[in-house]
Amino acid sequence: MKADLCFGFSKNQWEKLSQSLDAANEKGWDIAISVFERRMRERYLSGIEALSAADTKLDLTPSDSADTQHCIPGFAIMALCCLFIETLQGFREAPPSASTPAPVGPCAFPHGLCIKPPPGTNQQFIKFLRRPAFGDAFKGDVAKKFASGIRNGILHEAKTRKWVIWREEPDGAIVAQEEDGYALNRNLFYDAVKKEFESYLCELHDQANTELRKRFKERMDGLCEET
């Protein structure tokens, strides 16, 4: 039994649509991109926004009763953000493999990408954090420290490593130095993630981006093959 790709759109429907996707079928591409957008919103963005709405803002409105239940969703929100980034970047490009030849030239790390990135998705995640919507928030080795301290920390150990996650601070900045670590403004971070998502959708709608569409179709087809 095959599950739906998004609510009301089955994998069987995608398989039929996929066969018709070519450069001349812009109507088909519009449907395909819409299905992907709905999937991402249903699985990730809607959950993040529901958690944000449920936040009891304990630091702004403390309760006198220790028995009062509160929703403190910072970790859950960032876990979903990290999963969303993994998914979106995986649609943008395939992860490097151990057999991928290393680029030539001087290594730009820590001010740029390492000339010999390790195989896997960690380097992809770091590349996403250096996309335009984030400005220079993750310049230098900050992106690497985020990947280690928040992405890997939350998903593998259920804790952060020298990072604090705040709702509305640092004021006006996604990231700021905080003692011997960093503070993350989760609202501004999420805003940047959404901007990159919207940017990706716009790129997909441009029929000139043939390689991006090819990768997109491969990933969507792959989802249908998974059990």
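The values are calculated or read from the model by the stated rules, or taken from the named source; none is laboratory data. All values derive from a computational prediction rather than experimental measurement. Using ideal geometry, Cβ is built from the backbone for each residue, glycine included, and neighbour counts are taken over all protein chains shown.
Selection of region 14-27 for residues being surrounded by fewer than 16 Cβ atoms within 10 Å (Cβ to Cβ) and without any contact (Cβ under 8 Å) to a residue 24 or more places away in the chain yields 16, 19, 20, 22, 24, 25, 27. Of the residues making up region 17-59, those that are at pLDDT 95 or above and basic (Lys, Arg) are 27, 38, 39, 41, 43.
Within region 146-153, is there a residue that is assigned to a loop (DSSP other than H, G, I, E, B), out of contact with any Asp or Glu (no Cβ under 6 Å at 6 or more places or on another chain), modelled with pLDDT of 95 or more and closer than 18 Å to residue 85 by Cβ? Within region 146-153, not a single residue is assigned to a loop (DSSP other than H, G, I, E, B), out of contact with any Asp or Glu (no Cβ under 6 Å at 6 or more places or on another chain), modelled with pLDDT of 95 or more and closer than 18 Å to residue 85 by Cβ.
Taken together, the criteria place residue 208 among residues that are without any contact (Cβ under 8 Å) to a residue 12 or more places away in the chain and over 24 Å from residue 41 (Cα atoms). The conditions of being surrounded by 15 or more Cβ atoms within 10 Å (Cβ to Cβ), out of contact with any Gly (no Cβ under 7 Å at 6 or more places or on another chain) and closer than 30 Å to residue 27 by Cα are not met by residue 138.
Inspect all residues belonging to region 120-132 and state whether any of them is at pLDDT below 75 and either in a loop (DSSP other than H, G, I, E, B) or of a type in the set (A, V, I, L, M) (or both). Among the residues of region 120-132, at least one is at pLDDT below 75 and either in a loop (DSSP other than H, G, I, E, B) or of a type in the set (A, V, I, L, M) (or both), which makes the answer yes.
Picking from residues in region 69-96 that are over 24 Å from residue 167 (Cα atoms) and not aliphatic (A, V, I, L, M), the one that is modelled with the lowest pLDDT is 96.
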